[in-house]
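The structure appears right after this line, and notes come after that.
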There are 2 protein chains.
Amino acid sequence: MNTQEHPQAGTSSLGPQDKVPAAGTPGAWPRQAAARRLPRGRVGQASRMSLLDTSKYSQGSVLGSVNPDLASERRTASFSVEKLTARLDGGAEQTRIRRAVVEAIESDPVFSRENQYFQSQNERYEAAVRKAVHLQRKMHEMGWTESGPELKYIYRALSGDVAFLLHRVFMRCISVLGSDEQIAKWIPPATQYRLIGSYAQTELGHGTYLQGLETTAVFDITTQEFILNTPKISAMKWWPGDMGRSATHAVVFAQLYVQGQCYGVHPFILQIRSLQDHSLCPGITAGDIGPKMNFEHTDNGYLMLQNVRVPRENMLNKFCEVQPDGTYIKRGSPKINYFTMTTVRISLISDEVILPLMKACTIAIRYSAVRRQSKLKPGEQEAKILDYQTQQEKLLPQLAAAYAFHFINKYLQELLNRGYREVQTKNFDNLPELHAFSSGFKALATQYCTSAVEICLRACGGHGYSLLSGLPSLYTKILASCIYEGENTILLLQTARFLIKCFSAASAGQPVPPSVIYLSVMKAGKCPAKNKLDFLSPDIYTEAYQHAAVRLVSSTAAKLQDLIQSGVKKHEAWNQCTVQLAQAAKAHCHYITVKNFAETVEKLETEAGIQKIMKHLCDLFALHGIFSNAGVFLHDGYLSGAQMDMVTASYLDLLAVIRKDAVPLVDAFDFTDKSLNSALGSYDGQVYQRLYEWAQKSPTNTQTNPAYERYLKPLLHNTLSKL
Amino acid sequence: MNTQEHPQAGTSSLGPQDKVPAAGTPGAWPRQAAARRLPRGRVGQASRMSLLDTSKYSQGSVLGSVNPDLASERRTASFSVEKLTARLDGGAEQTRIRRAVVEAIESDPVFSRENQYFQSQNERYEAAVRKAVHLQRKMHEMGWTESGPELKYIYRALSGDVAFLLHRVFMRCISVLGSDEQIAKWIPPATQYRLIGSYAQTELGHGTYLQGLETTAVFDITTQEFILNTPKISAMKWWPGDMGRSATHAVVFAQLYVQGQCYGVHPFILQIRSLQDHSLCPGITAGDIGPKMNFEHTDNGYLMLQNVRVPRENMLNKFCEVQPDGTYIKRGSPKINYFTMTTVRISLISDEVILPLMKACTIAIRYSAVRRQSKLKPGEQEAKILDYQTQQEKLLPQLAAAYAFHFINKYLQELLNRGYREVQTKNFDNLPELHAFSSGFKALATQYCTSAVEICLRACGGHGYSLLSGLPSLYTKILASCIYEGENTILLLQTARFLIKCFSAASAGQPVPPSVIYLSVMKAGKCPAKNKLDFLSPDIYTEAYQHAAVRLVSSTAAKLQDLIQSGVKKHEAWNQCTVQLAQAAKAHCHYITVKNFAETVEKLETEAGIQKIMKHLCDLFALHGIFSNAGVFLHDGYLSGAQMDMVTASYLDLLAVIRKDAVPLVDAFDFTDKSLNSALGSYDGQVYQRLYEWAQKSPTNTQTNPAYERYLKPLLHNTLSKL
């Protein structure tokens, strides 16, 4: 690899093989490498002509030519990467469309993310608005439409770095909750960006607990208006995206009061800024909530309302309405109000949770295949860190999880689409199950994938900690997913409430929804596995998960029952069980995820190579879960200690097997270098050169040292009036 | 609390108690509150005169007057907060000194961190240098000396936001590894800041594996110089603090070559920038490595060397030397080179790991006592989130961990001081144990406390995600501790190697160091606990931890042995056991931490109130560990499932007990508001008002909207040449 390999020598391994450079050997690589970043290609990068005269470099490799340590990983793939990519996309045609969108976006300099890691919050915000505005033009130019097949890839291609995302939620909310007249009035100007909308639900004092919202909307029968107020500081709207600096309008959630009666939370359309000069409307105070861990590009805002009046027609009234005489009419289940949340919740999981994990895996695994550190065998070359069992054990389960959540998310998406069609026809029967489902999965997926990204970050050591690795921004962004769209613990407890209810129903012989039928058939007994290979059977591990979920649900239901029977009040008993209830909900969702993965693998039988590696990943995902939560499976003896040793053995064996395909498995995610935006994760694996070159562009290098003249020089010259 | 309480009403709980505001009630609080931040006091804040006329506010509380929800928590403390603070400080006199230092630093505007969350990397760096320079003056002014009792509190009072920390490591390195002549030559000018030093060890291609460093120092006998080179891009020094933009000198670690022979890594003093004009010296290329997750104030740098010559005397030569004729002489164990690392490793744990966790606990617990969300009991006021079992289960174990690691760290510090004295007298006997110890503990403490801070952050929901909460910066900073000063997995494996060696020795009847004698007495059998109260006995749980550690060490030793006997090569067998070896090392360190906590509690018998609450925390720390790692204890039946249920019951019971003292327990950490720098964690608990006021100062509010004229206005006015 290097034309002038330098000897690796330590005090402990001196020997004749240690060549020594002559004193004064000229530095073998230039001090300020002039290498330019080459455009990247997915395949065939290595064969491109280099822009540089590499003969000057002992390094022998420049950006764009694939690091041999990465090239060798790709030669031994056990499956077709291209076919797996198509499978993940849902067909080769989808892959083609996606790549065309990505190519169109990434070749347009307006959408560049190149200097993003150096930008301030103001710069990030301005860039996001610029991109959002430019995107309208681009869509027109490309012939992309809001209903076209390209739409879902645009956001992905922009890596979410674009403004007006809440404008979309604003529109969706009106479309779902608004009457035909309201849709006709608001959607066309919104579509044409003659107004910019936001979605103002969360308050300074209230997040997930919507009933507690403190903003009020009082109906004034004399003027046929609603009067909106945020009567306390805690009632101030806080967090809505696009609201801090951009939005002219917002759907504002407020407690509806009519003639002294409170009817709970309802949505109202409100203008907050002038369409002429963007000044705040009367009675409105609004601004940006300041710096956050990520989302610098988004103007999350605050909003205070002081006697803001809107006409009666501004309450979204597809399902309920206040009539001119103050009569409150319901036209459907109030549960519909939750549907917008449920859809947003799930629609976010793909782009905001699973894709970031796939990116993190790509970066960390490629880096681990080129990073060499220490020796596995004395006297040999330093080993790729991916060859260490501990590194495999950090990264490969996360890779398996990325696949697992990709598949379960597809499944959920189907459920959701069906639910959406049902709600459109005012059929709300499946909403409770869908809500409980989406809640628990949102919690499990966000928590699992956030931890997984963090593991990827830590697994890259110091370089992972550099923003230039791309991992910190992936982590700080995915972390938010644990918080927004419903706090995870509360969501798990919603799932748990559903499970307990279904468990009781099942115990009483009543019918329960399909997803929880398993709760009615608690098979006692023990796992039948006799050796470590048995644990590679999906039946064996799926049943173990099922058993654990049933046990946790039933034992918590029993504890709840016991407490109540012993005289503890119901709400207090519930609170005393919540730690275990959350655990039970997680076990349920974990079980469903494992089961769905196994079923997905079974359906891949037409593609042998892909099925085989997916089976390995499914096994790994399942056994990792058992290994990491051993207590849950050992507790009642369903697994014995000896069986747990078998699980461990199979689990560790799988690491070595999957390791061989690790790079092809992340290549199949098919991220471009620009979308990864990582000095460690690029396709060519030239991590050191790229880190060095990117660092040159940092304002800490391009701007003069602000501290020298003022502080360092006087200090060193001892001219400070000190001591 | 509020003079004009607003009704809480949802659709589900309408009733006569629902008062309704009259339509058009004037907004009860001003739109742009003019409240200024009041200076904070630890105690008695509530009684201070407010600068504001509160009669204008329905809110009824302004910054500086303690939120009644927090005040009530303090009235019921079961122990003396002041006495516990003194105990944590190591005596009331230490508390007095610490507070004096904190007061002196925080009252000096140069050290202010007020706008830190809004600053760029360049601004943070400049501020850190300014503070470092000003600190010299301040120390003189206050009469503080480098050997005085105040020193250790200065860094704490600055929250680490100061430059030249690596300058200290530079000096310590010379003091430990340099000869008397070298110390005499370099330490005085360094002390007077006539030069600024850094410590250049880590390279782009090598971190923890020092033997792999690629920088070379070749002895040129003709000129009596060492010629230093970084012969490949991966050899470039990368990460050293203070080196990117400040340092004039560095201790550079390089492979020493003399007459064709490599002698391994040695330290050399190198000038890198001119003392006159700060320009880079000949052969030097250096700069800043760019943006990171945190440490924006530090100029972590890179350094390339091209035939840089230093005189023979610049190799630090207390323990080894190259004589003029090229003879290489050792004067002591080469292990001494590791001692600097070991000391740095442990010295960081207090300030960089435990204090941040204490701060995170303070912020999250105070916030949880004032945040009200949802209802525990229908019809009641919304509950403090700290009253939810799930919130307690998130935060209180982290609080217990903060105490546990504080105590074990004190113990380690004593061991280290003893070790330092021994090394001074060239007694290296205890170095292996000390090194193994410090490695494992560094890994356990950093990993545990990092996760704990993240839990605190997540437990604060959306507001925790705001930089203004203070939690994101605590998290991104403590995360680095998992990476620097030795990658954690590698450190755990060093501990594991020591444990396996000791286990073998013990099995063979040979003597082993005191800390691992327990490995020789594997008591078979089962835990004798009969009910949940038995698990509040330190003997019971300490023995459970001991048993688990012995089992993991012995079973992994057996697996290793089996593999080797079955013909697997030793290094490969080792690799195949590393996941379990790391687990064993962690179990060992966890055991020692629990044991030390229990022993510490026992010694507190003179202070009954404090001993009682510390006992609860110790129990919680221990039972949380068993609850969270249940599989380890259930595996061989040492604990039965029924006993695990007892553990769970006792664990959950403890949460409710400790919850009552949660706020006093964090008050005892005695952080000032300025040092917490958190809108959520201030002593007065006025979180919403503070979030709102701090957000006003953000550049996203103080600077005009950069996107309006350019993008938003043309978009809304439809003057873009689009569509």
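The values are calculated or read from the model by the stated rules, or taken from the named source; none is laboratory data. Not measured: the values here are computed from a predicted model. Cβ placement follows ideal geometry from the backbone for every residue including glycine, while neighbour counts extend to all protein chains displayed.
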Can you tell me which of A:219, A:170 is touching a residue at least 40 places away in the same chain (Cβ under 8 Å) and either assigned by the TED database to the domain that holds residue A:271 or closer than 30 Å to residue A:99 by Cβ (or both)?
A:219
Residue set B:113, B:98; condition at pLDDT 95 or above and either in a helix (DSSP H, G or I) or of a type in the set (S, T, N, Q) (or both); output residue B:98
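Is it the case, given these coordinates, that residue A:557 is away from chain B (no Cβ under 14 Å) and over 30 Å from residue A:658 (Cα atoms)?
Spelling it out, residue A:557 is indeed away from chain B (no Cβ under 14 Å) and over 30 Å from residue A:658 (Cα atoms).
Conditions (1) more than 14 Å from chain B (Cβ to nearest Cβ); (2) more than 30 Å from residue A:700 (Cβ to Cβ); (3) under 25 Å from the mean Cα position of the chain (by Cα), marked per residue:
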| residue | (1), (2), (3) |
| --- | --- |
| A:117 | no, no, yes |
| A:170 | yes, yes, yes |
| A:193 | no, yes, no |
| A:213 | no, yes, no |
So which residues in region B:467-506 are over 18 Å from residue A:456 (Cα atoms) and either within 20 Å of the chain's Cα centre (by Cα) or among the acidic types (Asp, Glu) (or both), if there are any at all?
B:467, B:468, B:469, B:470, B:471, B:472, B:473, B:474, B:485, B:491, B:492
Hey, among the residues in region A:679-692 that are facing chain B (nearest Cβ under 10 Å) and of a type outside the set (Gly, Ala, Ser), which one's surrounded by the most Cβ atoms within 10 Å (Cβ to Cβ)?
A:687
Aliphatic (A, V, I, L, M), at the interface with chain B (Cβ under 9 Å from one of its Cβ atoms) and under 24 Å from residue B:690 (Cα atoms): does that describe residue A:235?
yes
Just checking, which of B:683, B:651, B:638 is outside the structural domain of residue B:402 (by the TED database) and among the aromatic types (Phe, Trp, Tyr)?
B:683
State all residues of region B:238-259 that are in a loop (DSSP other than H, G, I, E, B) and within 22 Å of residue B:292 (Cβ to Cβ); if no residue qualifies, say none.
B:239, B:240, B:241, B:242, B:243, B:244, B:245, B:246, B:247
Just to be sure, is residue A:560 surrounded by 14 or more Cβ atoms within 10 Å (Cβ to Cβ), over 30 Å from the mean Cα position of the chain (by Cα) and of a type outside the set (Val, Ile, Thr)?
yes
Restricting attention to region A:617-630, does a residue exist that is in contact with a Pro (Cβ under 9 Å, 6 or more places away or on another chain), buried (at least 23 other Cβ atoms within 10 Å of the Cβ), closer than 30 Å to residue B:230 by Cα and not acidic (Asp, Glu)?
no
Residues of region A:697-723 being over 19 Å from residue B:196 (Cβ atoms), surrounded by fewer than 21 Cβ atoms within 10 Å (Cβ to Cβ) and at the interface with chain B (Cβ under 7 Å from one of its Cβ atoms), which ones?
A:699, A:703
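What do you reckon, is residue A:415 surrounded by 20 or more Cβ atoms within 10 Å (Cβ to Cβ) and within 26 Å of the chain's Cα centre (by Cα)?
No, not satisfied.
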Selected residue (only one of B:670, B:684 is at positive phi and in contact with a helix residue (DSSP H, G or I) (Cβ under 8 Å, 6 or more places away or on another chain))
B:670
Taking residue B:262 as meeting all but one of (1) of a type outside the set (D, E, K, R); (2) under 20 Å from residue A:711 (Cβ atoms); (3) facing another protein chain (nearest Cβ under 9 Å); (4) free of Cβ contacts under 8 Å to residues at least 12 places away in the same chain, write down the number of the exception.
(2)
Taking region B:444-488 as the search range and keeping residues that are assigned to a helix (DSSP H, G or I), among the aromatic types (Phe, Trp, Tyr) and facing chain A (nearest Cβ under 9 Å), which one is nearest to residue B:406 (Cα to Cα)?
B:475
Evaluate the following for residue A:233: is it outside the structural domain of residue A:115 (by the TED database), touching a helix residue (DSSP H, G or I) at 6+ places or on another chain (Cβ under 6 Å), of a type outside the set (S, T, N, Q) and surrounded by 23 or more Cβ atoms within 10 Å (Cβ to Cβ)?
yes
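Each row is one residue, and each column tells you yes or no for (1) in contact (Cβ under 8 Å) with a residue 40 or more places away in the chain; (2) of a type in the set (D, E, K, R); (3) crowded, with 18+ Cβ neighbours inside 10 Å; (4) at the interface with chain A (Cβ under 10 Å from one of its Cβ atoms).
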{"site": "B:86", "(1), (2), (3), (4)": "no, no, yes, no"}
{"site": "B:96", "(1), (2), (3), (4)": "no, yes, no, no"}
{"site": "B:103", "(1), (2), (3), (4)": "no, yes, no, no"}
{"site": "B:126", "(1), (2), (3), (4)": "no, yes, yes, yes"}
Of all residues in region B:286-302, how many are aromatic (Phe, Trp, Tyr) and assigned to a strand (DSSP E or B)?
1
Only unsatisfied item for residue B:143, checking (1) at pLDDT 95 or above; (2) surrounded by 22 or more Cβ atoms within 10 Å (Cβ to Cβ); (3) at positive phi, is (2)
Give the residues of region A:61-84 that are in a loop (DSSP other than H, G, I, E, B) and surrounded by 17 or more Cβ atoms within 10 Å (Cβ to Cβ), sorted by residue number.
A:61, A:62, A:63, A:64, A:65, A:66, A:67, A:77, A:79
For residue A:444, are the conditions met, namely being more than 27 Å from residue A:469 (Cα to Cα) and out of contact with any Pro (no Cβ under 8 Å at 6 or more places or on another chain)?
no
Under the condition of being more than 8 Å from every other protein chain (Cβ to nearest Cβ) and in a strand (DSSP E or B), which residue from region B:217-230 is surrounded by the fewest Cβ atoms within 10 Å (Cβ to Cβ)?
B:225
Count - residues of region A:694-723 that are among the polar types (S, T, N, Q), modelled with pLDDT of 95 or more and over 39 Å from the mean Cα position of the chain (by Cα)
0
Would you pick out the residues in region A:70-112 that are in contact with a helix residue (DSSP H, G or I) (Cβ under 7 Å, 6 or more places away or on another chain) and within 30 Å of residue A:245 (Cα to Cα)?
A:101, A:102, A:104, A:105, A:106, A:108, A:110, A:111
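For (1) at pLDDT 90 or above; (2) basic (Lys, Arg); (3) farther than 28 Å from residue A:688 by Cβ, each residue gets a yes or a no:
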site: A:382; (1), (2), (3): yes, no, no
site: A:398; (1), (2), (3): yes, no, no
site: A:406; (1), (2), (3): yes, no, yes
site: A:409; (1), (2), (3): yes, no, yes
site: A:414; (1), (2), (3): no, no, yes
site: A:441; (1), (2), (3): yes, no, yes
site: A:451; (1), (2), (3): yes, no, yes
site: A:455; (1), (2), (3): yes, no, no
site: A:477; (1), (2), (3): yes, yes, no
Report, by residue number, each residue of region A:632-643 that is surrounded by fewer than 23 Cβ atoms within 10 Å (Cβ to Cβ) and within 27 Å of residue B:575 (Cβ to Cβ).
A:641, A:642
